[in-house]
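Read the structure below first, then the notes.
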Amino acid sequence: MKTRGLIIITLCFSLFGQAQDSVSRTGTENNIRKKATAKNIILLIGDGMGVAQLYAGMVVNNGHLNIEQMKHIGLSKTYSTNDFVTDSGAAGTALATGQKTYKRAIGVSVDTIPIKSILEIAEENNKATGLVATSTITHATPASFIAHQPSRYNYEEIAEDFLKTDIEVFIGGGLKHFNDRKDGQDLTKTLKANGYDVIVNPDDIVNSTSDKIAGLIYEDSPPKHSQGRGDMLPQSAVKAMVTLNRNPNGFFLMIEGSQIDWGAHKKNTDYVVEEMLDFDKTVGEVLKFAEADGNTLVIVTADHETGGMTINEGDIEKGEVKAKFTSFDHTGVMVPVFAYGPGSEDFCGIYENTEIFHKMKQAFGFNDLKKSE
Ligand code: MG
Ligand code: ZN
């Protein structure tokens with residue numbers, strides 16, 4: 001673990017070294033401080049992952065997590081426009097679009113006007129895009145990056161919104177929102193016609209060789225990690241990275257550990273910890289890719305804290321933790337942000353959740369481009 005951390009720190013320095021080199025070489029760009037541009041961005045969201053959820057996982061894992069390898073750390077303020085305590089719709093929309101909005105909103109402003117997401121902006125700039133989640137793929141967090149709906153509960157409309165984009169890879173649950181609908185349409189047929197490999201069996205994800213994957217691998221929500229989901233998240237994340245990386249222009253990928261939140265809503269420490277460790281295993285796979293690639297910005301954060309979780313007792317050597325929860329709902333505390341790779345130094349400090357969108361846009365170099373409209 002220690003050796004690996006050192007390798008990453010060294011790599012960080014060498015990346016910044018390169019960025020500075022390019023300033024002195026080009027030198028023509030006004031006086032604006034030219035930052036390293038990331039070819040790829042991978043945003044990992046631990047739904048409901050506050051510091052206590054993170055530390056509970058760390059203690060049970062005998063004191064360390066892969067997330068620790070990310071040395072640029074900040075805190076984000078998560079409140080929504082109409083409620084101090086946000087939800088995954090408003091918070092997902094803030095991360096995806098850079099605008100605060102009302103609870104339950106999906107990719108729309110307070111006036112229910114659609115706002116372009118970082119995923120859609122990446123598509124416009126010829127990058128490949130992907131979404132991976134351990135919830136239904138139509139659930140609030142992934143939906144915020146691709147759909148525009150006045151309510152997060154418009155699952156069938158959110159499914160239709162997937163067909164209005166050029167997303168290359170999406171993997172999660174929620175098949176029924178595509179093929180068992182009130183309007184009788186079978187959207188999986190349209191997806192196939194549009195060139196997607198539509199996969200409905202979790203075991204088939206690793207074998208797909210297609211450039212376009214619609215992984216609707218559970219009818220409804222995926223099961224818990226401990227109840228049969230296994231390595232679905234890390235395996236899907238690897239498949240998404242490998243597939244999207246075929247695009248020479250780079251990619252944007254959002255990966256969600258959806259069920260950290262669900263464990264905390266149930267005030268179930270074991271559930272929180274198992275999902276936390278599954279999420280961290282996925283972070284480990286992503287950092288491995290980013291370390292080898294050298295051109296990938298990785299961000300790990302949460303949309304909000306869930307449960308008002310705190311840790312009253314623990315034993316790092318035995319990997320034991322005793323937690324308490326103050327709420328069955330989300331809370332208003334700030335959540336951690338971890339970054340690694342080109343542009344990661346911008347994520348230090350305390351800022352609004354909406355800033356994460358702007359920092360990603362900056363890291364992609366999109367702020368330097370003329371608007372296409
Ligand atoms: Mg979520
Ligand atoms: Zn929740």
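In region 248-268, the residues that are without any contact (Cβ under 8 Å) to a residue 60 or more places away in the chain reach residues that are part of a helix (DSSP H, G or I) and within 11 Å of ligand 1 (Cβ to nearest atom) with C-beta atoms within less than 9 angstrom, at least six apart or across chains, in these pairs: 268/262. Here region 231-268 is the region considered, the condition is being within 16 Å of ligand 2 (Cβ to nearest atom) and surrounded by fewer than 22 Cβ atoms within 10 Å (Cβ to Cβ), and the residue that is nearest to residue 365 (Cα to Cα) is 262. Within region 42-68, the set of residues being away from ligand 1 (no atom under 16 Å from the Cβ), open to solvent by less than 10 Å² (accessible area, probe 1.4 Å) and under 29 Å from residue 251 (Cα atoms) comprises 42, 65, 67.
The values are calculated or read from the model by the stated rules, or taken from the named source; none is laboratory data. All values derive from a computational prediction rather than experimental measurement. Every residue, glycine among them, receives a Cβ derived from its backbone with ideal geometry; neighbour counts consider all protein chains shown. The area values use the complete protein model at the heavy-atom level, side chains included, leaving out ligands, DNA and RNA. Shrake-Rupley method; radii C 1.70, N 1.55, O 1.52, S 1.80 Å.
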